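Here is the structure we will look at, set down as structure tokens.
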């Protein structure tokens, strides 16, 4: 035996050789007492939000907006002067990027400036309403939610098995934001949609897909111990749900009482009982790298593409016959394994994998051979049960059982959860109750952060004792109450923020302002923001005229089945029938896209033609397109309330050398050359498209000089081709500039 194993045995013997299976009498006594919990209820975020009225003197007439008045009251307290309003050309760009994640079209820019001359506020409100009503709104804001929902299309960890149906959850989120689904309903559906009353199959379909929120997380599918896998799965669900909805790290109480918040270990296991009484469906077939396969949930409404059979009745019959034969061989092999008999050619592990794959193929179609529409999600187990506390979180050290329940310090607790259900529905209702002090505050803070640049609580996933206090608590409470009073409408809350005067403050550098408030805690100026990875790519597609604003049917991952993701993309991709019947080339395309974008400098950075918005690009946990990865895309392995923002040489090299960027530069140049024959007019249009403003005289002269030199440098190239390449290089330079990817 290895030395470390021998040492483990010595330690075990010194402990008295206890049997870990016999641990019924162990009781873990919490250090967090009922008194600590009661005292903790007075912490600011654990108390219910209260209305307040700001008191103003100096800025009494600056604005009538409640948001503006709360912010201005802090200026008076801190003796700070606010910045001037930004220019209308800056504001229109700010609004379009913040609301739909795209640069303004030439028509939007011109129309806004024309309306601005008549009434500034009317111009703002008219454009805001137009953007809120566009389907691009849901694509942009849905992606913000996918960041915290740790959305990805593969399991991650060692095996990184693909999730071919994850895209349904992505589309559900986008549709929910576009339809302005009330936030409380949005949370109810994701945590307990399968348990809600419905009036139609369409609603039932949507609710089932929504529960994919709980199934999407990273998973160690190579884990051999099913108890360990289940404990880790439940832990990930608890941690994600509480961080996303409550802004609390309840998962920190898995092994011990929470180190900072008044959350005893028993609270964690009260929630664990709810999730242990819930079965998670994420798909997959058994293999050496997937030892924890699962079924999918069959949807009541089939995809329109599913009307055509993809498998004949004879093929189904042959598969069923083969399944029966393989099952008999598997039984024989297992019987021989137990008795020690010799059975040449019968490998139980291999047969188990084959049986799993055959079952999956048979289950993928109905009796007529039509593909079955399925989703990831959760369902209650038939027999709910309470969880036992695990000493130090170890599965082989169970202690006392804990009655299923919620986080005590937040109050509004039920007497007891029903014995005939998991308690997940009751938990979901508790999360979105108006008596919950956190849910509305946390979401309003997330909206504020995306629009203003920094949250009122600077750590959006940590509203606990160790987190930073709010800079404007009265404003946060006021908005949280408004959010609930207005039916939990996300669009109304966003609208109230972007039509405020605070939103339109200039971000231009002012030494006095920066010296008085270097971190801009009191929001006396705008925050310049670098665009997200998706917005940078979508902007290049837009200004080049290449963007496809339609939504793809599903995802490239949908054609992969449960393939494994290797260090250079998909490995052993099975022949999987695409939704709607027949094979397509998405599996090959996915391999090409992901291998071009791996964190592997030896792989050629090549991207397949894909001109849809970036929210529809495939996202594997261990593999993602280069355009996303290089510009600080959200880590899909965890809740990402705030993305990192870096400025690296790698980004500059990507913009200089990536074939996709060069292709879009060519398209941008073609668009300019087709728009007018006047060189100065082309330069002006290039700046309007790229930066949302006309070029200055100095910029026109510099661009003309650049074009002349770029053309002259191409010796031996035909004049027209040399001119085109010069324009392409100018377009690439504009897209590679800081101004292109900075939102002022």
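The values are calculated or read from the model by the stated rules, or taken from the named source; none is laboratory data. These figures come from a predicted structure and were not determined experimentally. Here the Cβ is made from the backbone with ideal geometry for all residues, glycine too, and neighbour counts use every protein chain on show.
Before moving on, here are some points about what is shown:
- The set of residues in segment 37-73 that are within 35 Å of the chain's Cα centre (by Cα), under 17 Å from residue 470 (Cβ atoms) and part of a loop (DSSP other than H, G, I, E, B) comprises 42, 43, 47, 48, 49, 50, 51, 52.
- The number of residues in segment 633-657 that are closer than 11 Å to residue 732 by Cα and either loosely packed, with under 15 Cβ neighbours inside 10 Å or at pLDDT below 95 (or both) comes to 2.
- Against the list (1) buried (at least 22 other Cβ atoms within 10 Å of the Cβ); (2) at negative phi; (3) at pLDDT 95 or above; (4) part of a loop (DSSP other than H, G, I, E, B), the condition residue 82 fails is (1).
- Test set (1) in contact with a helix residue (DSSP H, G or I) (Cβ under 9 Å, 6 or more places away or on another chain); (2) more than 30 Å from residue 97 (Cα to Cα); (3) not assigned by TED's automatic domain parsing to the domain that holds residue 325 - residue 367 fails condition number: (3)
- Residue satisfying condition, being within 30 Å of residue 630 (Cα to Cα), touching a helix residue (DSSP H, G or I) at 6+ places or on another chain (Cβ under 8 Å) and buried (at least 20 other Cβ atoms within 10 Å of the Cβ), within set 668, 724: 668
- Filtering segment 248-268 for residues that are in contact (Cβ under 8 Å) with a residue 60 or more places away in the chain and closer than 24 Å to residue 172 by Cβ leaves an empty set.
- Residue within segment 256-265 that is in contact with a helix residue (DSSP H, G or I) (Cβ under 9 Å, 6 or more places away or on another chain), closer than 30 Å to residue 348 by Cα and surrounded by 21 or more Cβ atoms within 10 Å (Cβ to Cβ) present: no
- Top-ranked residue of segment 100-122 - restricted to ones that are within 31 Å of the chain's Cα centre (by Cα) and assigned to a helix (DSSP H, G or I), ranked as surrounded by the fewest Cβ atoms within 10 Å (Cβ to Cβ): 106
- Residue in segment 459-479 that is surrounded by fewer than 24 Cβ atoms within 10 Å (Cβ to Cβ) and on the phi > 0 side of the Ramachandran plot present: no
- Listing of helices (runs of 4 or more DSSP H) fully contained in segment 453-536 that carry 3 or more residues being closer than 27 Å to residue 116 by Cβ: 490-498
- Considering residues of segment 689-713 that are outside any loop (DSSP other than H, G, I, E, B) and touching a residue at least 40 places away in the same chain (Cβ under 8 Å) only, the residue surrounded by the fewest Cβ atoms within 10 Å (Cβ to Cβ): 691
- Yes/no for residue 369 being over 18 Å from residue 271 (Cβ atoms) and touching a residue at least 60 places away in the same chain (Cβ under 8 Å): yes
- Residue-level check: of (1) without any contact (Cβ under 8 Å) to a residue 60 or more places away in the chain; (2) assigned to a loop (DSSP other than H, G, I, E, B); (3) not assigned by TED's automatic domain parsing to the domain that holds residue 258, residue 447 misses just (2).
- Criterion: under 15 Å from the mean Cα position of the chain (by Cα) and either modelled with pLDDT under 95 or surrounded by 24 or more Cβ atoms within 10 Å (Cβ to Cβ) (or both) - qualifying residue of 172, 268: 172
- Some residue of segment 330-346 being assigned to a strand (DSSP E or B), in contact (Cβ under 8 Å) with a residue 24 or more places away in the chain and either under 30 Å from residue 211 (Cα atoms) or touching a helix residue (DSSP H, G or I) at 6+ places or on another chain (Cβ under 7 Å) (or both): no
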